[in-house]
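The values are calculated or read from the model by the stated rules, or taken from the named source; none is laboratory data. The model shown is predicted, which means the values in this text are computed figures rather than measured ones. Here the Cβ positions follow ideal geometry from the backbone for every residue, glycine too, while neighbour counts run over all protein chains shown. All accessible areas refer to the heavy atoms of the entire protein, side chains included, with ligands and DNA or RNA removed. Shrake-Rupley method; radii C 1.70, N 1.55, O 1.52, S 1.80 Å.
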Amino acid sequence: MSSTAQTSHVELPGGGVIWVVLASELLTFGLFFLAYAAAYGAEPEVFQSAQANLHAGWGTINTAVLLTGSWLAARAVQAHPAGKARPWLAAAALSGVAFTGIKLFEYVHVFELGITLSTNTFWFSYLFLTAIHLLHLFVGVGVLGWLAATYDRTQTDDWADTIEAAAVYWHMVDLIWIVLFPALYLVHP
Amino acid sequence: MKFRTQRISWLFFATCMLLLCLQIVYGFIMGFAHMGYDVLHDYIPFNTARATHTNVLVVWLLCGFMGAAYYIVPEESGRELWSPKLAVVQWASLLLVAVTAVIGFHFNWWEGRKFLEIPRPLDYLVVINVLSFVLNIGMTTFTGKRYTTTGMVLLVGLVSAALLYLPGMIWFDSQVMDSYFRWWVVHLWVEGVWELIMGAIMSYLLIKLTGVDREVIEKWLYIIVGLTFVSGILGTGHHYYWIGAPEYWLIVGGVFSALEPLAFLGMALYGVTMARRGGRKHPNKIAMYWTVGCGIMSFVGAGFLGFAHTLPSVNIYTHGTLVTAMHGHLAFWGAYAMIVLAIISYAMPQMTGRKFFDTWVPEWAFWISNIGMLSMTCAFAVAGVTQVYLERRVGMDFLEVQAAVAVHFTALVLAASLFTLGILLFIYDFIRYGFPSDEAVEGAAEPEAAAAK
């Protein structure tokens, strides 16, 4: 943590850099959530009739999968000082794989309805935001999987920051989904 | 300099100076044409001058990046350049292609297609040229003694820039599709991978000039790379608003391009904080001026002025007007011209062994050219806003509006004269340094290099 102490006076979990990444990601998604709210307000009927084609059940299952994944990542951070993070890291990565499977199943259903990015503002928002979220999830799965594969139980000090940073990132993926899920599937003002 | 072959960059830097002069001449031709003195119209019509002005800009900046790479990569990878002969051949062929293209423009040998006007046969030569450059730099990196973040970001930036030239060479029958992929080249260069090249050159200069730990400087380079990709890739959408691409680009382009200033804000903070933190006072103060100045001016020109007209609700009025010229001038100057002039200012004393950096000439060159360019930006801004108001709000005819704003081009030409004076001082300084010298090899050992031994 010595280099972190030089760049920032507050010791942030995972080091300062991951929090700058987090801030810029949340800012980006935040702008899209505002745009989504404005677009919903402009054409509520279009949004509500389109939303009826989504199954909240699949979204709920995926929310549970991601929340479990976040718990697994947190367990990895806790287990790390004893050199026992590997199974938790692998399980967290697998939660991302499960999420992807369910998401692809949902996409197939949507594409079978003949829907594209240009169908209407709701379907653009659904496809674009979930796809961007999924890309972020892929990055998380890659990092967690790589950490699990190369985990060295003897190097606990050197790895602490990296594992914390991965967990922080994985929580962010979860957090974005927790806003995305109700906004896309549940809200019918 | 540490390695003898780093001197090859001098050829590229000298070419930069020549092409910059040429670019300025064509800028003046257009400035006078706007004032109503289009006296060269029969020989150099406006479209020819415009194509020459922008294409020469791109070539001299690329030339500067290549020169920077030939200077930085040997040092970062700890070995001589893989093939100095290939580098010289590559330089000569690049110059040949550039000269052919410029002469061709004057005989109507061009493609249209704004910013990528050079004819298709020359495109293939550019590809071969850039491949040989990438080969040389890549081999130097991969057979080197060490990999550094700065070196790798520079290499990734240069290779991506080479790959991104290709979408501009695909043939489409549709104007919309052609424009769509043309922006992959133009936008993903200047608002994407060129920012990596700029970040890497800045990082190298800050390591050399401030004495701050490489580890700290390179960590912040990662953040800049991250911010560039988060905003820049989908920010391409701000070119798609009114070209016939799907409507969703209004929101995608709007949101992501609005975030693009963050990367440039990062560059500005990067330069300023590292300069303040630096405990060591490097004697080459003027290279530090250009480095920190580049961070700040890129934020003002590319970040702030870009943001000023990137939102669709604003851009629907300003698209394709002189407002774009306002943003374009300060953005290219602040971000890319200044970083090339920064590396030249740093490398010249190192390559020649002559330490002229504490005379008045380079300092005045810095201030006069920057004040000149800022004044030009103001002149473009006034002309641009007037044009938007009269043409897009009041609905006046295009040519009537051009006559109405002609007066602002007098101000532009005056400001450009000041700018040119600054550039001439810079070039005078460049010439004064003379040729690279063998005596300069290892002679000017940097504290960082000395500490590494």
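Things to note:
- Shape of the protein assembly as shown, Cα gyration tensor, a/c cut at 1.5: oblate
- Euclidean distance of C-alpha centroids, region B:373-392 and region B:272-293, integer Å: 34 Å
- Relative to the longest principal axis of the Cα atoms of chain B, the long axis of helix B:9-35 makes an angle of roughly 20 degrees.
- Using only alpha carbons, chain B has a radius of gyration to Kirkwood radius ratio (Rg to Rh) of 0.95.
- Probe 1.4 Å, all protein chains present, accessible-area order of B:TRP249, B:TRP82, largest first: B:TRP82, B:TRP249
- Separation of region B:103-158 and region B:204-241, taken as the distance between their Cα centroids, equals 21 angstrom.
- Applying both filters, DSSP loop and at most 15 other Cβ atoms within 10 Å, to the trypsin sites (Lys or Arg not before Pro) of region B:331-406 gives B:ARG354, B:LYS355.
- The modelled label-to-label distance between B:ILE103 and B:THR143, using points 7 Å beyond Cα along the C-beta direction, is 3.6 nm.
- Calculated translational diffusion coefficient of region A:57-189 (37 °C, 0.692 mPa s; Stokes-Einstein with Kirkwood radius over alpha-carbon pairs) equals 210 µm²/s.
- FRET efficiency for the B:TYR428 to A:PHE111 pair, using the beta carbon distance and R₀ = 41 Å, is estimated at 0.05.
- Residues in region B:107-118 carry Karplus couplings, in order, of 10, 6, 9, 6, 9, x, 6, 2, 6, 10, 6, 5 Hz; the curve used is 6.51 cos²θ - 1.76 cosθ + 1.60 with θ = phi - 60°, and Gly or Pro positions show x.
- In the assembled protein chains, B:VAL388 presents an accessible area of approximately 20 Å² (probe radius 1.4 Å).
- Within the protein assembly as shown: Cβ-based charge dipole about Cα centre, in debye rounded to nearest 20 (Lys, Arg +1; Asp, Glu -1): 1320 debye
- The sum of -39500 (n - 2.57) across all DSSP H runs of n ≥ 4, divided by the residue count of chain A, sets its helix-only mean residue ellipticity at 222 nm to -27000 deg cm²/dmol.
- In this structure, B:ARG392 and A:ASP157 have a Cβ-Cβ separation that, at R0 = 56 Å, corresponds to a calculated FRET efficiency of about 0.35.
- Computed from phi, the 3J(HN,Hα) profile of region B:365-377 under the Karplus parametrisation 6.51, -1.76, 1.60 (θ = phi - 60°) reads 4, 4, 5, 5, 5, 5, 5, x, 5, 4, 5, 4, 4 Hz, with x in place of Gly and Pro.
- Counting only heavy atoms of the protein chains and using a 1.4 Å probe, A:ASP161 has close to 40 Å² of accessible surface.
- Crossing angle, helix A:121-150 versus chain A [Cα axis fit, 0-90 degrees, rounded to tens]: 20 degrees
- Integer Hz, Karplus 6.51/-1.76/1.60 couplings in order for region B:90-96, x for Gly and Pro: 4, 4, 5, 6, 4, 4, 4
- Taking all protein chains together and rolling a 1.4 Å probe, B:MET139 ends up with roughly 70 Å² accessible.
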